[in-house]
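The values are calculated or read from the model by the stated rules, or taken from the named source; none is laboratory data. Note that the coordinates shown come from a computational prediction; the quantities given were computed from them, not determined experimentally. Every residue, glycine as well, gets a Cβ built from its backbone with ideal geometry; the counts of neighbours run over all protein chains shown. When the accessible area is computed, the model is the full protein with side chains, heavy atoms only, and any ligands, DNA or RNA have been set aside. Shrake-Rupley method; radii C 1.70, N 1.55, O 1.52, S 1.80 Å.
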There are 2 protein chains.
Amino acid sequence: MAKTVKFITFEGGEGSGKSTHIEHLVTRLRQEGYHVLIAREPGGTEVGEQIRHILQYSKQSAAMVPETELLLFCASRAQLVREVIQPALDDGTIVICDRFLDSTEAYQGHGGGVPRDRLRDLHRLIAGDFLPDLTLILDLPVELGLQRAQAHTRFERMGRDFHERMRSGFLDIGQREQRRCVVIDAREELAAVSLAVKAAVRERLGAPL
Amino acid sequence: MAKTVKFITFEGGEGSGKSTHIEHLVTRLRQEGYHVLIAREPGGTEVGEQIRHILQYSKQSAAMVPETELLLFCASRAQLVREVIQPALDDGTIVICDRFLDSTEAYQGHGGGVPRDRLRDLHRLIAGDFLPDLTLILDLPVELGLQRAQAHTRFERMGRDFHERMRSGFLDIGQREQRRCVVIDAREELAAVSLAVKAAVRERLGAPL
């Protein structure tokens with residue numbers, strides 16, 4: 001079997017079911033004999049997990065300014081790309097990442113108001129021209145996400161407006177970068193969404209799933 | 001006494017005596033009745049000290065990529081500027097900071113090879129147009145810095161070339177931004193350097209020292 005060397009990211013708001021669908025996809029790909037590596041943001045490296053800890057800790061104290069939050073996410077990503085993602089891809093492994101640069105645009109850009117060209121400069125610093133081969137955006141109305149999400153407190157603290165801006169941010173990205181992104185309607189039943197994910201991977205990457 | 005609202009930074013390589021001269025200057029300013037706050041980079045805030053911990057921890061493991069290091073320094077600075085420096089300056093306090101943006105240019109730019117326009121973009125993201133009112137660059141030949149520095153291991157690990165590039169980076173900055181920077185010859189006796197520091201503060205800021 002010819003190896004497909006690909007980098008797939010999952011994006012979407014709270015409660016959109018990313019972890020579940022990543023799990024399903026990984027199981028399926030492994031059944032087909034692919035080497036698959038799952039990464040998560042922030043984190044995924046020793047340094048990145050320490051950064052994740054600061055980000056999570058600070059969610060409670062709420063003293064962190066948005067620019068610091070943004071730069072910490074980017075620091076974690078820079079490490080993840082170089083230490084984990086690139087070497088794995090070079091090795092012929094499929095890498096699946098739970099959140100990547102589009103979350104930064106949706107959260108800190110659309111949600112938090114950081115101008116998009118600043119974010120683009122930052123991404124260039126982190127990873128040059130490196131982009132995912134396929135990005136699956138799991139789209140869900142904010143209200144439904146709230147019902148499904150377990151992290152109610154945080155969700156509510158950020159406010160409904162924030163999540164609406166974030167959702168439309170993800171949809172903007174999907175519209176703007178159609179070659180890379182597929183928007184998947186996550187209102188459907190789990191099995192239907194899972195099928196849509198597999199279909200996107202099959203079509204875009206030529207992987208037999 | 002009219003209050004002088006100013007932001008002073010100290011820059012220079014290892015062993016250049018920044019901490020000692022900051023201490024001397026602060027003592028003198030306080031004797032004159034000024035409110036003075038000392039900040040340090042990385043660190044100086046709760047979030048920043050956590051970041052400092054990651055940076056120091058990783059010095060040993062050496063697994064951290066340069067981009068991650070750079071972004072962590074910047075994350076700490078973004079927090080320091082907004083949480084500590086700006087509010088203190090608004091309050092009429094003199095703020096003295098041990099390292100600031102010029103260290104980033106010297107270490108990660110001249111030393112580590114990150115292009116200067118990237119660093120400028122980053123600084124704009126962190127702090128907009130915010131710059132120190134006065135920057136004292138303590139200049140020392142690399143050899144002499146090595147003899148004086150206590151952190152021999154790290155110094156040697158980075159290599160002599162790195163420190164030479166860093167030194168000439170600081171001198172470049174001093175040359176380029178003469179309105180803001182004063183280069184002080186740190187080869188002199190402690191007392192002489194301390195006098196030169198006070199003279200620069202007096203001349204540039206009109207503070208009677």
On the accessible surface of the range B:109-209, probed at 1.4 Å with all protein chains in place, carbon and sulfur together account for a percent value of 48 percent
Residue among A:Ala186, A:Ala127, A:Ala63 with the largest mean-square fluctuation in a Gaussian network model of chain A, springs linking Cα atoms under 10 Å: A:Ala63
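Averaging over all projection directions, find the projected area of the Cα convex hull of the protein assembly as shown and quote it in nm² with one decimal place.
Details: hull surface 87.1 nm².
That works out to 21.8 nm², a quarter of the Cα hull's surface.
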Between A:Leu71, A:Leu131, A:Leu55, where does the largest GNM mean-square fluctuation fall for chain A, given springs only between Cα atoms within less than 10 Å? A:Leu71
Taking beta carbons within 10 Å but only from partner chains, what does the mean come to for residues B:75-84? 5
For the range A:18-30, in residue order, the Karplus 3J(HN,Hα) values (coefficients 6.51, -1.76, 1.60; θ = phi - 60°; whole Hz; Gly and Pro = x) are 4, 4, 4, 6, 5, 4, 4, 5, 4, 4, 5, 5, 5
Between B:Arg179 and the same site in the other copies, what are the distances in nm, shortest first, taking label points 7 Å from Cα along the C-beta direction? 4.5
Amide H partners (placed H, <5 Å) of B:Leu37, local residues excluded: B:Ile94, B:Val95, B:Ile96
Lys pairs under 30 Å by Cα in the protein assembly as shown, provided they are eight or more residues apart or on distinct chains: 13
Could you work out [θ]222 nm for chain A from helices alone, using -39500 (n - 2.57) per DSSP H run of at least four and dividing by all its residues? Round to the nearest 500 deg cm²/dmol. -16500 deg cm²/dmol
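With every protein chain kept in place and ligands, DNA and RNA left out, what is the accessible area per residue of the protein assembly as shown? Probe 1.4 Å, answer in Å². Write down the numbers at each step before the final one.
Details: 18880 Å² over 418 residues.
Per residue, the protein assembly as shown has an accessible area of 45 Å².
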Note the buried accessible area between A and B here, summed over both chains, with a 1.4 Å probe, in Å² to the nearest 100. 2500 Å²
What is the extension gain from A:Glu189 to A:Asp91, computed as 0.36 nm multiplied by their sequence separation minus the C-alpha to C-alpha distance, in nm to one decimal? 31.7 nm
In the Gaussian network model of chain B, springs joining C-alpha atoms below 10 Å, which of B:Glu164, B:Glu14, B:Glu189 carries the largest mean-square fluctuation? B:Glu189
Rounded to a whole number of µm²/s, how large is the Stokes-Einstein D of the range B:1-154 at 25 °C and 0.890 mPa s, given Rh as the Kirkwood radius over C-alpha pairs? 150 µm²/s
With x for Gly and Pro, the residue-by-residue ³J(HN,Hα) of the range A:65-77, computed from phi through the Karplus equation 6.51 cos²θ - 1.76 cosθ + 1.60 at θ = phi - 60° and given in whole Hz, is 7, x, 5, 5, 4, 4, 5, 5, 4, 5, 4, 4, 5
